[in-house]
């Protein structure tokens, strides 16, 4: 009986000791992570990552960016913390109805953005178009996470691979085909429309060379030359008929088009140019032109038996009859800026 009294007498002491202990609130893991690690982005492109995987950490979370470093050197990458000018669309851009810069500018305004922002509640990483200012390479980030349990810092929690953005691309190689002057019928040669290298925009009849010359304004300066480098006047490039209407030219996609003595200038609002809307339309983003016979001295033929482009391209002059020239080209600009398009008609001589 005495032993039983001793046990009961101890119970209040144990209960009192338990009541004095501090109860921990929630849980904050040492091992949160991102599902995509490394996370790959392309300069100038918008991308949002998935949220951080909290490893059962108690919500709500407050995630902040502490640092970004160049992984190769370990040095702080200050470019991620700088602000850059960019356009912010307040209403959706419509390439069909927004046909002037007044209409376009009513839908957008200039703002400053950082290349990387983070959503505090989810830890999602948001990369903006101003990542064009971030040099390609691999970077690593440090985060701080707070929740009801406390605050912890996480070094090297995710690597970011920044790939260089292509400035432009050839959707297909250009060509220039001879056509009869009195009817819509081609005069075909064995080498017509053969591609030499699509990646550099070169076929046996035309070679489109593209060069970015400035970061602004957004425009294409389009120059057309014959095989000797003589420049066709801009008004030599006419629309190509198609039944009772005409096929598309670059002017179809541009906001504003005008000419000077040597070039046609096409100004555009945003990239990609042409806008993706046009890719689903008839003939996609192909641009078609016609140079009429009054501008053409001769075209060239070739002996298919000795035709080994690009190392051997023996052209022979052909001027048996007047011809028109039908030109087609198809490109996509991916980075804002000013570009020179130089179309060399490799088997055409200008009058």
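The values are calculated or read from the model by the stated rules, or taken from the named source; none is laboratory data. Treat the numbers as computed from the prediction; the structure is a model and nothing was measured. For neighbour counting, all protein chains shown are included, and Cβ atoms are generated from backbone atoms with ideal geometry for every residue, glycine included.
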Original post:
residue 156: closer than 30 Å to residue 202 by Cβ and surrounded by fewer than 14 Cβ atoms within 10 Å (Cβ to Cβ), yes or no?
Top reply: no
**OP:** Go over the candidates 184, 216 one by one and state the one that is more than 19 Å from residue 342 (Cβ to Cβ), at pLDDT below 95 and within 21 Å of the chain's Cα centre (by Cα).
**Re:** 216
Original post:
Yes or no: residue 292 on the phi < 0 side of the Ramachandran plot, in the same structural domain as residue 334 (by TED's automatic domain parsing), within 18 Å of the chain's Cα centre (by Cα) and surrounded by fewer than 20 Cβ atoms within 10 Å (Cβ to Cβ)?
Top reply: no
**OP:** Find the strands (runs of 3 or more DSSP E) located wholly in the range 165-221 whose residues include 2 or more that are assigned by TED's automatic domain parsing to the domain that holds residue 276, buried (at least 20 other Cβ atoms within 10 Å of the Cβ) and in contact with a strand residue (DSSP E or B) (Cβ under 9 Å, 6 or more places away or on another chain), and list them.
**Re:** 168-179, 206-214
Original post:
Can residue 146 be described as part of a strand (DSSP E or B), over 21 Å from the mean Cα position of the chain (by Cα) and within 25 Å of residue 57 (Cβ to Cβ)?
Top reply: yes
**OP:** Considering each residue of the range 257-271, count those that are within 19 Å of residue 93 (Cα to Cα) and either assigned by TED's automatic domain parsing to the domain that holds residue 98 or assigned to a loop (DSSP other than H, G, I, E, B) (or both), and give that number.
**Re:** 4
Original post:
Within the range 230-256, how many residues are assigned to a strand (DSSP E or B) and crowded, with 19+ Cβ neighbours inside 10 Å?
Top reply: 1
Subject >> Residue check, residue 55 more than 20 Å from residue 161 (Cα to Cα) and not assigned by TED's automatic domain parsing to the domain that holds residue 143 >> reply: no
Subject >> Looking only at the range 67-79, and only at residues there that are in contact (Cβ under 8 Å) with a residue 12 or more places away in the chain and not in a strand (DSSP E or B), the one that is surrounded by the most Cβ atoms within 10 Å (Cβ to Cβ) >> reply: 77
Subject >> Filter result for residue 237 (in contact (Cβ under 8 Å) with a residue 60 or more places away in the chain, closer than 20 Å to residue 177 by Cβ, out of contact with any helix residue (DSSP H, G or I) (no Cβ under 7 Å at 6 or more places or on another chain) and outside the structural domain of residue 96 (by TED's automatic domain parsing)) >> reply: yes
**OP:** Output yes when any residue across the range 10-23 is surrounded by 12 or more Cβ atoms within 10 Å (Cβ to Cβ), over 27 Å from residue 334 (Cβ atoms) and at pLDDT 55 or above, and no when none is.
**Re:** no
Original post:
Considering the range 44-58 alone, what residues qualify as being modelled with pLDDT of 95 or more and in a loop (DSSP other than H, G, I, E, B)?
Top reply: 49, 50, 51, 52, 54, 55, 56, 57, 58
